[in-house]
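K.L.:
Attaching a single structure in structure tokens format; questions to follow.
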Amino acid sequence: MSQPSPSKRPRTVSESPRDGTTQDGTPNEAPSRGLAHEPLDYPRKRAIIACEICRSRKSRCDGGKPRCKLCVELDARCIYREPGIKLDAGDKLILERLSHIEEMLQSAMTSAQMSVNATKAAAHIGTSPAASTSTTDDTATRRISCSVALENNRLNGLGTWDSSVNISTMPKGHTTPALNLLQWPLIRDLVSQPLDPQVLVEMEMSRPPINLPHFPRPDMVNTAVYASSYFDLVNVWYACVNSNAWSAHYRDATSVGFIQGADSCLVMLVLALGAAAHGGSISRHPHNAEPRGIDYFASAWKIIPNLAIRNDIPAIQCHILAAAYLFYLVRPLEAWNMITIASTKLQLVLGVPDRVPAMHRELLVRLFWDTLLAESDLLAELELPHSGIVNFEDIVGLPGPFSDVEGEYTSKDELWYFLAEIALRRLLNRVSHLLYVKTPTTAPTSKLARVTAELDFQLSQWYEGLPSPIKFPMTTISSGSPGQVCLRLRYFACRTIIFRPYVFAVLSDENAVADPVVRENCRKCLEACLRQIDNVSAHQVGHLPYLWQGALSLVSQTLLVMGATMSPKLAALLPPTISVEAIISEVVAELNRLAHLAPSLRLSAEIVQEAGARRKMFFENQRSQV
């Protein structure tokens with residue numbers, strides 16, 4: 001298939017043609033506007049009945065022959081009932097009753113599954129997946145909770161994996177991380193020598209230990225400001241400190257001079273994180289400046305060894321908060337150590353759930369998910385040992401609200417974001433399980449169609465289920481809450497990796513793009529990829545929990561776009577060259593600004609910079625051969 005002329009290229013990502021195929025599955029040679037893409041045998045009659053696939057999904061069928069549009073996208077058999085068969089009233093009644101029975105069975109299975117999950121959670125932890133209240137806010141919370149509880153039901157029939165494996169957890173040996181792209185065709189030519197993906201772990205392991213000089217007792221003058229910053233700007237990410245209990249924690253810490261016990265450690269960590277949030281991203285501070293909140297963290301760090309030998313909820317809470325501050329310092333392996341200790345303690349506590357005090361049960365659920373989310377984020381980029389915390393997922397249930405008593409600091413949507421993040425992280429893990437395990441390394445693109453379509457459908461359902469306070473606009477960078485901005489970035493990151501195997505297929509064999517499904521899915525991948533990186537300043541919004549991971553995501557997406565520009569077939573799916581080059585330049589500049597924060601980020605910046613230089617040489621050589 002020849003490369004489209006520049007006049008046919010979409011000018012921006014949002015203006016890319018929506019459909020790469022006609023109704024009968026052949027390539028669409030013209031942009032989809034008005035009736036230009038309709039078959040020639042119009043006027044079409046309205047379909048008498050939808051095909052079986054559309055009926056089963058309750059989707060509108062366009063009646064295309066031999067296959068409707070949805071069946072083309074899913075690479076599925078498109079079966080219509082014979083129009084010549086007349087159904088009498090009795091036949092229709094039977095079909096309606098069968099359909100009703102099917103719906104009842106589906107409903108019963110769903111209810112049974114939710115009941116089992118709720119019973120397990122109540123029996124072992126003493127919490128329910130979501131609170132049962134009549135308010136609008138809690139209705140939205142329950143809607144997200146249900147989407148998490150029901151998501152696995154959609155996986156039946158997608159593949160032949162071992163059903164005993166929880167595919168909503170991060171798999172071992174997956175190929176999702178950024179540096180794995182350096183083994184792809186064309187992209188591997190952008191580096192002078194091959195790199196083992198484990199090099200990032202090696203560099204972080206050889207990093208000098210964190211320097212915590214002896215600080216005097218921290219200045220407690222600004223505690224109210226920093227506590228407010230924590231509950232306004234930090235707790236939305238972790239949701240693991242009850243604002244209603246803050247005064248009691250602070251009072252107990254004051255009584256011992258902030259030098260011992262879990263309350264003192266917790267107060268110092270909250271103030272450290274509050275000061276960090278109040279001061280903005282660490283990447284924008286002078287290189288030799290002390291990190292914000294480091295004096296509070298140093299005080300907490302003196303207490304951590306005593307908590308390391310305790311196996312209770314307050315000790316777990318302090319380790320999670322310590323990990324959160326280490327993420328702020330861009331210390332991924334040190335944060336992983338704290339997460340692993342917290343995971344070990346959690347597994348001990350969850351082994352005897354009846355001993356958990358009632359006042360700590362909801363906190364335990366939140367700490368469990370904090371641990372699981374943080375570990376999954378690290379395992380998404382680094383090949384690290386798995387702690388085994390995922391084995392307790394079925395007995396914990398989903399987080400619900402803390403006490404209904406209003407505290408001094410509150411955040412209505414902290415639980416909304418937390419639940420949305422849980423559901424999206426599970427979907428990201430599922431994508432890695434189904435598409436990026438090392439065995440088999442690849443699959444024929446025809447077999448990918450159903451899996452990618454279903455995963456993309458689940459991602460769309462996740463987005464549709466978001467409550468309005470955290471729902472983000474698709475087309476533009478949100479000027480709303482930090483949670484909205486971060487969910488938008490993670491949404492497009494997820495969509496990119498869902499369709500990334502199709503880009504690999506075309507980089508391996510350009511003729512693969514002749515398949516309209518491959519072409520359309522490549523377009524979806526590149527569109528999502530560019531939307532994630534087209535405004536690098538947005539990545540600073542989530543600097544506290546996501547700066548390091550977000551930087552590696554920028555590396556991954558930029559390498560993917562660079563490789564696409566070197567493929568004539570994929571380049572035809574991109575916006576104009578000047579727009580793409582501007583985006584790449586912004587990412588390179590941003591990675592250079594982050595390079596001093598961690599050895600892994602310094603190497604990542606060097607890789608992208610070298611890739612950019614070698615890509616220019618590639619185009620210069622092409623021009624010289626013309």
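K.L.:
Take the alpha-carbon centre of region 182-217, take the same for region 473-544, and report the distance between them in whole Å.
P.N.:
For region 182-217 versus region 473-544, the Cα centre distance is 25 Å.
K.L.:
To continue, here is another question. What distance in nm separates the simple spin-label points at Asp62 and Met617, each placed 7 Å from Cα in the Cβ direction?
P.N.:
The modelled label-to-label distance comes out at 4.6 nm.
K.L.:
Okay, moving on. What order do you get for Val437, Val536 when you list them from fewest to most C-beta neighbours inside 10 Å?
P.N.:
Details: Val437 17, Val536 20.
If I rank by nearby Cβ atoms, fewest first, I get Val437, Val536.
K.L.:
How high is the relative contact order of region 214-396, in percent, counting Cα pairs under 8 Å that sit 6 or more residues apart?
P.N.:
Numbers: 205 pairs, mean separation 36.7, N = 183.
Computed over region 214-396, the figure is 20 percent.
K.L.:
Rounded if a/c is under 1.5, else prolate if a/b beats b/c, else oblate: with a ≥ b ≥ c from the C-alpha gyration tensor eigenvalues square-rooted, which is region 229-307? Kindly include the intermediate steps, with their values, before the conclusion.
P.N.:
Numbers: a/c = 2.42, a/b = 1.38, b/c = 1.75.
The shape class here is oblate.
K.L.:
Right, next: How far apart, in nm, are two points set 7 Å out from the Cα along the Cα-to-Cβ line at Ser537 and at Asp312?
P.N.:
4.8
K.L.:
Which net charge results when you count Lys and Arg as +1 and Asp and Glu as -1 among the other residues whose beta-carbon is under 14 Å from that of Val356?
P.N.:
Within the 14 Å Cβ shell, the charges total +1.
K.L.:
Using a Förster distance of 25 angstrom, determine the FRET efficiency expected from the C-beta separation of Ser228 and Asn288, and round it to 0.05. Before the final figure, lay out each step's value.
P.N.:
Details: r = 29 Å, r/R0 = 1.15.
After rounding, the FRET efficiency stands at 0.30.
K.L.:
Now, a different point. Across the Cα atoms of region 214-396, what radius of gyration and what greatest pairwise Cα-Cα distance (Dmax) are found, in Å?
P.N.:
Rg, Dmax (Cα atoms, Å): 15.8, 50.
K.L.:
Next question, about the same structure. Fewest Cβ neighbours within 10 Å first, please rank Asp354, Asp75, Asp515, Asp295 accordingly. Write out the running numbers ahead of the final one.
P.N.:
Working: Asp354 8, Asp75 17, Asp515 23, Asp295 20.
Sorted ascending by nearby Cβ count, the order is Asp354, Asp75, Asp295, Asp515.
We did not get these values from a lab; they are worked out from the coordinates using the rules stated. Computed from a prediction, not measured in an experiment: that's the story for all the values here. Note: ideal-geometry Cβ built from the backbone for every residue, glycine included; neighbour counts use all protein chains shown.
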